[in-house]
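The values are calculated or read from the model by the stated rules, or taken from the named source; none is laboratory data. Since this is a predicted model, take the numbers as computed values, not measurements. Virtual Cβ from ideal backbone geometry, glycine too; neighbours counted across all protein chains shown. Surface accessibility is based on the protein's heavy atoms, side chains included, excluding ligands, DNA and RNA. Shrake-Rupley method; radii C 1.70, N 1.55, O 1.52, S 1.80 Å.
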Amino acid sequence: MLYSPIKFRNIELQNRWVMSPMCMYSAIEGMPNDFHLVHYGSRAQGGTGLLIAEATGVVPEGRITNGCTGIWNDEQAESFRRIVDFVHQHSKSKIGIQLAHAGRKASTWNGKQISLEEGWQTVAPSPIPYMEGERIPHELSVEEINGLVQKFKEAAQRAVNAGFDVIEIHAAHGYLLHQFLSPLSNNRTDEYGGSFENRCRFLLEVVEAVNEVLDDNHPLFVRISATEYAENGWDLDDSVKLAQLLKEKKVDLVDVSSGGNIHGARISVFDGYQVPFAAKIRKEAGIATGAVGLITEVKQAEEILQKGDADLIFVAREILRNPYLAIKGALETHEECFFPKQYERAKK
Ligand code: FNR
């Protein structure tokens, strides 16, 4: 199954390998550059079914760091276009972008909050910092939340204009949308906090707004943290319920990660540790899922697909080590995969 195509809306992926979104902290003023062209270009030449460009800020304050990419202006979208065009012209890969807002986890470098002078004031559902000693984030007003919904929509429109095939909304890892979902980081008493429905409202509004600028040629994915490994926190049952709502809102796939919202949460990490979350969500919400987390080998990936645990295999660190992961796996298993025509002599 790993090398069988799959369709989301009208977009067909040549295989199930996905380059998981990974911040490269190498942009200036949010602009991707030559590094990003080679970085994404080489994974496309490596036969990857879908590349998802790193967490990209929908507003400047939504970036994790000053080195994160952004798509809050047209100039940034133009710089992305060069990468997207390369991928489309020189491979069979599709390319998506992860639209993000880091909320209270913004304005950092190397995982540490940076000063107001070097960075900026962070925002969150409630004035609760991620780590002790950090600045208190500004509690977003309803008007500001509405404004951010628009910013996600505008960013999605720019991404479509730049030629991206897939949009992924980042609602995982303790960033702004996840902060709203969790009762541990959201203690609002208005329509964006309190009940499960209220905590999901912001994400669902973003999904709806983004979907307004997408057509049958642009599938929508959402990355979530299936659990935050904390007592009374967001958990797997919440994720199943959310996935059902996302399905109703025409989300095509839930990309299932975990953690990131609670500093110091204990996580036991092992090969494929997040796959059971993807499996349960796929089964119980009836929506396509992506599995991610310590998946490094063809056999392991194939088993996940065969068992019906997920539809796509997202790979992060292994594809940094090996951009030709998909091609290499195909050669080993005698499966069909894109191969750069310039490289024909290496095929045998
Ligand atoms: C990440 N990860 C990540 N996730 C995400 O949703 N958006 C992002 O921008 C990033 N950035 C990022 C940078 C780097 C350098 C790494 C290694 C990871 C998480 C990543 O997508 C993936 O979920 C995890 O790394 C687990 O998968 P692997 O590495 O075990 O295949």
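The C-beta contact set for the range 313-336 (first residue closer than 17 Å to Q98 by Cβ, second residue near the ligand (Cβ under 10 Å from one of its atoms) and among the hydroxyl-bearing types (S, T, Y), distance under 9 angstrom, 6+ apart or interchain) comprises F314/S20; F314/S257; V315/S20; V315/T296; A316/S20; R317/S20; R317/T296; I319/S20. So K7 fits all but one of (1) closer than 20 Å to V292 by Cα; (2) in contact with a helix residue (DSSP H, G or I) (Cβ under 6 Å, 6 or more places away or on another chain); (3) surrounded by fewer than 21 Cβ atoms within 10 Å (Cβ to Cβ); what number is the exception? K7 satisfies all of (1) closer than 20 Å to V292 by Cα; (2) in contact with a helix residue (DSSP H, G or I) (Cβ under 6 Å, 6 or more places away or on another chain); (3) surrounded by fewer than 21 Cβ atoms within 10 Å (Cβ to Cβ) except (2). Of all residues in the range 283-317, those that are within 13 Å of the ligand (Cβ to nearest atom), in contact with a helix residue (DSSP H, G or I) (Cβ under 6 Å, 6 or more places away or on another chain) and farther than 10 Å from R16 by Cβ total 2. Of everything in the range 65-119 that is aliphatic (A, V, I, L, M) and assigned to a loop (DSSP other than H, G, I, E, B), the residue that is nearest to I224 (Cα to Cα) is A102.
Filtering the range 321-348 to residues that are part of a helix (DSSP H, G or I) and surrounded by fewer than 15 Cβ atoms within 10 Å (Cβ to Cβ) leaves R321, E332, T333, K341, Q342, Y343, E344, R345, A346. If you go through the range 87-99 and keep only what is over 21 Å from M31 (Cβ atoms) and open to solvent by less than 70 Å² (accessible area, probe 1.4 Å), you end up with S91, S93, K94. Scanning the range 67-86 for residues that are touching a residue at least 60 places away in the same chain (Cβ under 8 Å), touching a Leu at 6+ places or on another chain (Cβ under 8 Å) and open to solvent by 60 Å² or more (accessible area, probe 1.4 Å) yields a count of 0. Of all residues in the range 132-158, those that are loosely packed, with under 13 Cβ neighbours inside 10 Å and assigned to a loop (DSSP other than H, G, I, E, B) total 3. Pairing residues of the range 112-135 that are under 24 Å from T189 (Cα atoms) and of a type in the set (F, W, Y) with residues that are part of a loop (DSSP other than H, G, I, E, B) and open to solvent by 40 Å² or more (accessible area, probe 1.4 Å), at Cβ distances under 9 Å and at least 6 apart in sequence or on separate chains, gives Y130/I262; Y130/H263. Just one of (1) assigned to a helix (DSSP H, G or I); (2) touching an Asp or Glu at 6+ places or on another chain (Cβ under 8 Å); (3) open to solvent by less than 20 Å² (accessible area, probe 1.4 Å); (4) more than 15 Å from G103 (Cα to Cα) trips up A209, so point out which. Looking at each condition in turn, A209 falls short on (2). Number of residues in the range 21-64 that are open to solvent by less than 30 Å² (accessible area, probe 1.4 Å) and in a helix (DSSP H, G or I) equals 8. Selection over the range 264-300 of residues that are without any contact (Cβ under 8 Å) to a residue 12 or more places away in the chain, open to solvent by 70 Å² or more (accessible area, probe 1.4 Å) and under 30 Å from P129 (Cβ atoms) gives a count of 1. Out of A55, A44, A77, one residue alone is within 15 Å of the ligand (Cβ to nearest atom), of a type outside the set (D, E, K, R) and modelled with pLDDT of 95 or more. It is A55. Checking each residue in the range 4-55 for being among the charged types (D, E, K, R) and either within 16 Å of Q98 (Cα to Cα) or touching an Asp or Glu at 6+ places or on another chain (Cβ under 6 Å) (or both) picks out R9, E54.
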